[in-house]
1. Asp85: surrounded by 13 or more Cβ atoms within 10 Å (Cβ to Cβ), assigned to a strand (DSSP E or B) and over 14 Å from the mean Cα position of the chain (by Cα), yes or no?
2. When region 98-126 is examined, which residues are found to be assigned to a loop (DSSP other than H, G, I, E, B) and surrounded by 14 or more Cβ atoms within 10 Å (Cβ to Cβ)?
3. Restricting to region 128-137, name every residue that is surrounded by 15 or more Cβ atoms within 10 Å (Cβ to Cβ) and either of a type in the set (D, E, K, R) or without any contact (Cβ under 8 Å) to a residue 24 or more places away in the chain (or both).
4. Could you list, in sequence order, the residues of region 127-148 that are outside any loop (DSSP other than H, G, I, E, B) and over 11 Å from Asp85 (Cβ atoms)?
5. It is to be established whether one or more residues within region 50-72 are closer than 17 Å to Met126 by Cβ, surrounded by fewer than 12 Cβ atoms within 10 Å (Cβ to Cβ), in contact with an Asp or Glu (Cβ under 6 Å, 6 or more places away or on another chain) and modelled with pLDDT of 95 or more.
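The values are calculated or read from the model by the stated rules, or taken from the named source; none is laboratory data. It should be emphasised that the depicted structure is a prediction, and the values quoted were computed from it without experimental measurement. For neighbour counting, all protein chains shown are included, and Cβ atoms are generated from backbone atoms with ideal geometry for every residue, glycine included.
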Amino acid sequence: MQRHKLRTAVTLCAAAALAAVAPASTSAGASSPTPDPDPVLVDCFFDPQVRPDDFILACGDGNNRLVDLRWSSWGPAVAEARGVDLVNDCRPYCAVGKFHAYPVTVKLDRPEPWEKDPDQDHYTRMRLVYTDDKPAQADKEETFKLWD
């Protein structure tokens, strides 16, 4: 009789352990909704980024990049950050130019389906607002269309 109680106890424990890790079944035709992921920021290598610390704006030569990005929000419609825009002055030419740092706020918006992964939205517009000095060739506010 002891052996039967022990075997029953072991069987019940095993069944409970399996039930704890097994996914809950759903009835036929019903599916659990999964929330759409927030949009991504597509980088120069066409990789999706979420809340990146840095981001290259000049993909061809790297002479303009955002660094030290601190994201205050990242949502389905808008993402916002503060950081620094590092811009090469390219004087007398870019290979020997100096990088200058400009504090900036960054706003991403206008999410659309990403060509590489249509189930994933990506931000299509970036707005930079220089909060102090700005590059000589830039306006106080600059808006860029982002690549797909």
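1. Criteria met by Asp85.
2. Result: Trp114, Gln120.
3. Residue satisfying the conditions is Lys134 alone.
4. Arg127, Glu141, Thr143, Phe144, Lys145
5. Among the residues of region 50-72, at least one is closer than 17 Å to Met126 by Cβ, surrounded by fewer than 12 Cβ atoms within 10 Å (Cβ to Cβ), in contact with an Asp or Glu (Cβ under 6 Å, 6 or more places away or on another chain) and modelled with pLDDT of 95 or more, which makes the answer yes.
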